[in-house]
């Protein structure tokens, strides 16, 4: 086996672990939310269209986020300003809920989403009575998001063909799950 | 494939209250309801009430008939989670039950095939018909495979059945699976479907 010229004889250092806190939303977060809510790239894999102004976003915060059973702002450790959002939404079966998250583009590629998903998995089963399964659906080409889920400890289960229509297009979705008895993976 | 003798052909029709006894015959059978949420019925009146309260108002619920007898039922439900602001759901799920005395003859398989053809024709916005079978129900898994459904994977602790979490095998039959069976009609239907989808506001990529 060849060695690379010169350099390391040991594996590259792991990224320092990112710490996040998940906080309940308040209306005061609306301006920080615009960072991702107005971004077409952040919105692309989501069901919603980017927001052009804060009024409709405030309405969404008030009508959908605040009453939601489990919706949290992703904040970097020691900071109050949210950089994204993560939610676990009920389905027609009480044992099963769906995870979703969105992150401002400035914080992509740093392990923030993975840290937020881990934190959510550590707390949501205690918060939601009867919850046994958290599932997450990701568009087949969105490998980055699938990696986030796998690094947090989700199990990839299947590709669900033509599962949903997202912004006018029929999508195959990869479904992942985390069961209450699974272990959250702490290392990358 | 040979056509079955007319008296053994599987047909579907709407239920009436007069079918209560037939429904009771399988709905009271623990073997049939083993993998269903409901407990077995103990009284004919429960079957009658079920027809009145659930079956008759249901958007798509049919009796499975063989040789003039009602031997089971099959139902298809559009998934409300895929409705978006007035747009109809692109996804539906099918469930079925057959009286124990009629198991092993391919009746459920034929009923699933007839139902799939019917709902894809009636609902042009439908792109995915799915079905689930308990991991411990290989007979039901075979029904779906023989009906042309594709096994996609096992979904862990997907539902709670009679107090216990169950792993379920997910199967689907999608619009493009249909083209494999009848190319000419499928092409005409695909054109009609594309037009219907465009009218509903979708971008259609052929």
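The values are calculated or read from the model by the stated rules, or taken from the named source; none is laboratory data. In this text, all values refer to a predicted model and were calculated from it rather than measured experimentally. Quick reminder, even Gly has a Cβ in these numbers, built from the backbone with ideal geometry, and neighbours come from all protein chains shown.
Things to note:
- Residues located in the stretch A:162-178, provided they are within 7 Å of chain B (Cβ to nearest Cβ), surrounded by fewer than 18 Cβ atoms within 10 Å (Cβ to Cβ) and assigned to a strand (DSSP E or B): A:169
- Neighbours by Cβ (under 7 Å, 6+ apart or cross-chain): first from the stretch B:136-162, without any contact (Cβ under 8 Å) to a residue 40 or more places away in the chain and more than 10 Å from chain A (Cβ to nearest Cβ); second surrounded by fewer than 20 Cβ atoms within 10 Å (Cβ to Cβ) and assigned to a strand (DSSP E or B): B:145/B:151
- Test: residue B:112 is in contact with a helix residue (DSSP H, G or I) (Cβ under 6 Å, 6 or more places away or on another chain) and at negative phi: no
- Subset of the stretch B:70-87 that is in contact (Cβ under 8 Å) with a residue 12 or more places away in the chain and more than 22 Å from residue B:171 (Cβ to Cβ) - its residue that is nearest to the other protein chains (Cβ to nearest Cβ): B:87
- Hits in the stretch A:71-116 - residues which are within 19 Å of residue A:151 (Cβ to Cβ) and part of a helix (DSSP H, G or I): A:107, A:112, A:113, A:114, A:115, A:116
- Selection within the stretch A:131-161 - touching a helix residue (DSSP H, G or I) at 6+ places or on another chain (Cβ under 7 Å), assigned to a strand (DSSP E or B) and either within 7 Å of another protein chain (Cβ to nearest Cβ) or farther than 21 Å from residue A:94 by Cα (or both): A:138, A:156
- Check on residue A:106, more than 11 Å from every other protein chain (Cβ to nearest Cβ), buried (at least 21 other Cβ atoms within 10 Å of the Cβ) and modelled with pLDDT of 95 or more: no
- Within the stretch B:123-135, if we keep just the residues that are outside any strand (DSSP E or B) and in contact (Cβ under 8 Å) with a residue 60 or more places away in the chain, the residue that is nearest to the other protein chains (Cβ to nearest Cβ) turns out to be B:125.
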